[in-house]
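Heads up, the thing below is written out as structure tokens.
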Amino acid sequence: MFTRVTLPLAAGNFINQAARTVMAIVGPLLAIEFGLSASELGILAACTFASYALTQLPLGVALDRFGPRRMQSGLMALTALGFLLLALAPNFDWLAIGRLVIGVGISAGLMAILKGHSQWFAPAQVAQMTGLAVAIGGMGSALMTAPVQAIVPLIGWRGVFAVLATATLGVSLWILFRVPEKPLEAGVRRLRLSEEIAISGQILRSRLFWRYGPAVSTLSMLNFAYLGLWAGPWLRDVGGLDDLARSGILLLYTFAMIAGNLVAGHLGSRARAAGLGPFVIPILGVLGMFAMQAVLIAQPSGVVLITAVWLLLAFFGSTAPTGFVALGQMFPPDQTARVSTAINTLTLAGAFLLQAMVGWVLDLWPRTASGGWHPDGYSWALAVSALIHALAALAMARGPKP
């Protein structure tokens, strides 16, 4: 089932990761060509998270009802259209439309993997296989760093989006013709759509969900907001690094995420097999990310220290899929996608607000002589995200027991 389920769906997540990360490299180019402010650039990048988040709840119902093959294939075709719009965009409005379309198209990246794995793998295998799939998908982020930085002078940012459109269409066809359908079990009645929607409401009213869901969502939130846009400018304005050093660290950042997915997935499955608490790994991730944000607020210097902090931030944030699996397995199997998309709604709404908030905070300070943004603005923005992590951790610690 690895080649028929995990690999094609991981390719869909590869496109998901690439779409979120590419702005870290091409964003500054768009700002120059279209004369965008920090707020406009932040809003442009955050458009994907806005439409991505709004899609999540209906997506959960659709995935549980129709399965990952049909849903993810269609969504990948829509993503290809979004990339094409970006490649042809004449102004900011068309860029925003393209990003909004992409947000809908990539909305099932991780969710399709979780649903497919819950259908075709034993419960104790799901965390490990999901970690592997997310690690494969993470190569999409890796490709959007130093490799894209190297080819932009050759094909331009429009060429980058055209290549992504073509590759995404290929992934859509791969999923359509390779991923199997899971037949409805004998004697099981297919629920009416109104019943499916009612179950989503029950999940959202669950105290169990609100104990763990926000903490799991914060693990991905900062990675989305910073790797998707603001890590590159931070490395330039606070770290004082040139283009080559920045793209190199962003590449290592993605590799740290890949390593974190593999390690967290393996340890999550081992913890389940050993009878340990399902949230041991995500809890360690929350604590680690909080510590790394505290270091970044202090504006560290030196390429070695800066690199180490950003890589650890990426590593700890990569425990999020293990949290998705753990919380999903606390609910009935036929609700896996809806639980996952409910968590992802929190994640993406938070990422949208956080990514835009960073731009708003940075614009409170005057631009530096080099055209960048003031280091203190980044520290204040990080302080806000650290506070969000702390509140989510407190809710998890004080919430109702499973």
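Kindly indicate whether LEU110 is in contact (Cβ under 8 Å) with a residue 24 or more places away in the chain, over 22 Å from THR345 (Cβ atoms) and aliphatic (A, V, I, L, M).
On the way: in contact (Cβ under 8 Å) with a residue 24 or more places away in the chain: yes; over 22 Å from THR345 (Cβ atoms): no; aliphatic (A, V, I, L, M): yes.
So LEU110 does not fit the description; no.
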Screening GLY277, GLY265 for residues that are over 27 Å from LEU235 (Cα atoms) and open to solvent by less than 10 Å² (accessible area, probe 1.4 Å) leaves only GLY265
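Among the residues in segment 65-76, are any in contact with a Lys or Arg (Cβ under 7 Å, 6 or more places away or on another chain), farther than 28 Å from TRP373 by Cα and open to solvent by less than 40 Å² (accessible area, probe 1.4 Å)? Give the steps one after another, and end with the answer.
As a first pass, look at segment 65-76 and keep what is in contact with a Lys or Arg (Cβ under 7 Å, 6 or more places away or on another chain): 67-68.
This time we only want the ones that are farther than 28 Å from TRP373 by Cα, so: 67-68.
From what is left, the residues that are open to solvent by less than 40 Å² (accessible area, probe 1.4 Å) are 67-68.
The answer is yes; a qualifying residue exists.
Conditions tested, residue by residue: (1) at pLDDT 80 or above; (2) within 21 Å of GLY288 (Cβ to Cβ); (3) not in a loop (DSSP other than H, G, I, E, B).
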position	(1), (2), (3)
LEU327	yes, yes, yes
VAL339	yes, no, yes
LEU353	yes, no, yes
PRO366	yes, no, no
SER385	yes, yes, yes
Note on VAL238: of the conditions (1) open to solvent by 10 Å² or more (accessible area, probe 1.4 Å); (2) out of contact with any Pro (no Cβ under 6 Å at 6 or more places or on another chain); (3) touching a residue at least 12 places away in the same chain (Cβ under 8 Å); (4) farther than 23 Å from ALA342 by Cα, unmet is (2)
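Which one is surrounded by the most Cβ atoms within 10 Å (Cβ to Cβ) among residues in segment 308-334 that are touching a residue at least 24 places away in the same chain (Cβ under 8 Å) and over 21 Å from the mean Cα position of the chain (by Cα)? Walk me through it before giving the result.
Pass one, segment 308-334, residues touching a residue at least 24 places away in the same chain (Cβ under 8 Å): 310-331, 333-334.
Checking the rest, the ones that are also over 21 Å from the mean Cα position of the chain (by Cα) come to 330-331, 333-334.
On the way: MET330: 15, PHE331: 19, PRO333: 12, ASP334: 16.
Applying the filter and picking the extreme gives PHE331.
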If we ask which residues in segment 93-114 are open to solvent by 10 Å² or more (accessible area, probe 1.4 Å) and touching a Ser or Thr at 6+ places or on another chain (Cβ under 6 Å), their number turns out to be 2
Filter segment 38-73 for residues that are within 23 Å of TRP230 (Cβ to Cβ) and aromatic (Phe, Trp, Tyr); the one that is modelled with the highest pLDDT is TYR52
Checked against (1) under 18 Å from the mean Cα position of the chain (by Cα); (2) surrounded by fewer than 24 Cβ atoms within 10 Å (Cβ to Cβ); (3) under 23 Å from LEU132 (Cβ atoms), THR345 satisfies every condition except (3)
Across (1) open to solvent by 60 Å² or more (accessible area, probe 1.4 Å); (2) over 20 Å from THR21 (Cα atoms), LEU154 clears everything bar (2)
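For segment 216-229, does any single residue satisfy the condition of being in contact with a Pro (Cβ under 7 Å, 6 or more places away or on another chain) and open to solvent by less than 10 Å² (accessible area, probe 1.4 Å)?
Taking segment 216-229 as the starting set, the residues that turn out to be in contact with a Pro (Cβ under 7 Å, 6 or more places away or on another chain) are 216, 219.
Going one step further and asking which of them are open to solvent by less than 10 Å² (accessible area, probe 1.4 Å), we end up with 216, 219.
Yes, because at least one residue in segment 216-229 is in contact with a Pro (Cβ under 7 Å, 6 or more places away or on another chain) and open to solvent by less than 10 Å² (accessible area, probe 1.4 Å).
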Is it the case that LEU9 is in a helix (DSSP H, G or I) and under 26 Å from PRO332 (Cβ atoms)?
yes
Counting only residues in segment 19-37 that are more than 18 Å from ALA150 (Cβ to Cβ) and not aliphatic (A, V, I, L, M), the one least open to solvent (accessible area, probe 1.4 Å) is identified as ARG20
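Got a sec? Which helices (runs of 4 or more DSSP H) wholly within segment 58-131 have at least 3 residues that are among the polar types (S, T, N, Q)?
Values: elements: 68-88, 92-105, 109-120.
Qualifying helices (runs of 4 or more DSSP H): 68-88.
The values are calculated or read from the model by the stated rules, or taken from the named source; none is laboratory data. Just so it is clear, the model here is predicted, and its values are computed rather than measured. In this analysis, Cβ positions are derived from the backbone assuming ideal geometry, glycine residues included, and neighbour counts consider all displayed protein chains. Heavy atoms of the whole protein, side chains included, go into the accessibility calculation; ligands, DNA and RNA do not. Shrake-Rupley method; radii C 1.70, N 1.55, O 1.52, S 1.80 Å.
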